[in-house]
Amino acid sequence: MKENYKNIHQKLIDKCKKGDKKSQFALYKLYYKAMFNTCYRIINNKITAEDIMQEAFLSAFTKIKTYDNKVSFGAWLKKITINKSLDYIKKQKIQLVDLDNINNDINSKENDILINEDDDAKYNIKQIYNAINKLDDKYRIVITLYLIEGYDHEEISQILNIQYSTVRSQYARAKKKLLDIIKNEK
């Protein structure tokens, strides 16, 4: 049996479970920037990301009594935020293409690194973020969940409800397109 996670803000969480509005606002202030950034990296639109983040907090506070301390509160909230962001994308009829049916040889070495070791160019974080924002949604979502949010391919497969091999293919293609964008902007 997994031991309960010990949150540093457990008192606030407990008060939120009792419906305390001040504690909800305090938790919101602690987490809103990180949750907005998560939404924005997936949605790529500040106004929409703000709306989705608000919906995620409303949803979290509505079902906070189901939070069982098996993971950190931040991880629990992030999962809600990501799911809300993905729900929005699905509602917008953005389809993730099943790339399993497309034959494409991908260099396995490319799958392991973001920037080729042979490439002596150095890119700053701002260039990479700008390039990520220029990717098609299907690629931006996968690369964001993997590189920025820290999910592995299996977790992304479950979150997006697509095959593991599709996630790997989309990640490899996203990485290639990302490098092309960065190189073309030099």
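Nothing in this text is a laboratory measurement; each read-out follows from the coordinates by a stated rule. Quick caveat: nothing in here was measured; it's all calculated off a predicted structure. Reconstructed Cβ throughout: ideal geometry from the backbone, glycine too, with neighbour counts over all protein chains shown.
Structural size metrics of the stretch 10-91, computed from C-alpha coordinates, are Rg and Dmax of 12.3, 36 Å. Taking Cα centre as origin and charging only the Cβ of basic (Lys, Arg, +1) and acidic (Asp, Glu, -1) residues, the dipole magnitude of the stretch 43-89 rounds to 200 debye. Take the alpha carbon gyration tensor of the stretch 37-78, find the square roots of its eigenvalues, order them as a ≥ b ≥ c, and report rounded if a/c is under 1.5; if not, report prolate when a/b exceeds b/c, else oblate. Here the stretch 37-78 falls in the oblate category. Note on residue 138: lysines with a C-alpha under 18 Å away, same-chain residues under 8 apart excluded, are 84, 90, 91, 93, 175, 176, 177. Per-residue 3J(HN,Hα) values for the stretch 81-87, derived from phi via the Karplus relation 6.51 cos²θ - 1.76 cosθ + 1.60 with θ = phi - 60°, read 4, 4, 4, 4, 5, 5, 4 Hz in sequence order (x marks Gly and Pro).
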